[in-house]
Amino acid sequence: MPALTAADPIFQNVGQALHVAFLMQILPVTQKVSTQMLIDALRQASGKMEARIASTINMGGMSPLEFRGQCAMVTAAAQHHLMAPEFAAVRSRFGHQLTKAQGVMALAEYLQPQSGIDHNWALRALVWSHYHRGSQRSADRWSLRDIETETGVPRRRLGEALQVVRDMGNALERRAEVRLEALFARTGLTPPLAA
């Protein structure tokens, strides 16, 4: 793979841009961090981030603070250019701690009419479990049996609602990526769209 230059896009695709931008929100701000230290911090913060993903990020001569600014623009673009349910799905997928929790609560509220589940905690637990990442504590993921025990909602209904969460959450994420794709390509964050 040829070396990346300042003229090349920063990220390889919208998903990578969102993933890294949300990771940057949880890293401490410092001016003295080298590019390699920044990449190492991204790897460590994500748990199992693959080296090939980190190596495809093009910092093209940017300082760490300039790169952080680019990441802030990615999250701001998501917030301002996506519909509320799409942004909730993006925060649920890529956010950490408070950001993820806010996304989960907003997404659960949006999905409630389609889910057939009236119990708020049960639906939030389903959404949280769907968006659980392998790098998170296993105790943060609830089984259908656990949710049934806690809420009294039958497991069959929970299973049906979980399928709604999966289908609609994935569709909202795809719509968000499509909506951001042209914007990110136009601004040089990701490669130009194929003609």
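In what sequence, largest accessible area first, do Thr149, Thr75 appear using a 1.4 Å probe?
On the way: Thr149 110, Thr75 20 Å².
Descending order: Thr149, Thr75.
Positive contributions from Lys and Arg (+1) and negative ones from Asp and Glu (-1), summed over other residues with Cβ under 12 Å from the Cβ of Ala176, come out at +1.
The values are calculated or read from the model by the stated rules, or taken from the named source; none is laboratory data. Here the structure is a predicted model, which means the values were calculated and not measured. No Cβ is skipped: glycine too gets one built from the backbone with ideal geometry, and neighbour counts run over all protein chains shown. Side chains are part of the model used for accessible areas, which takes the heavy atoms of the whole protein and leaves out ligands, DNA and RNA. Shrake-Rupley method; radii C 1.70, N 1.55, O 1.52, S 1.80 Å.
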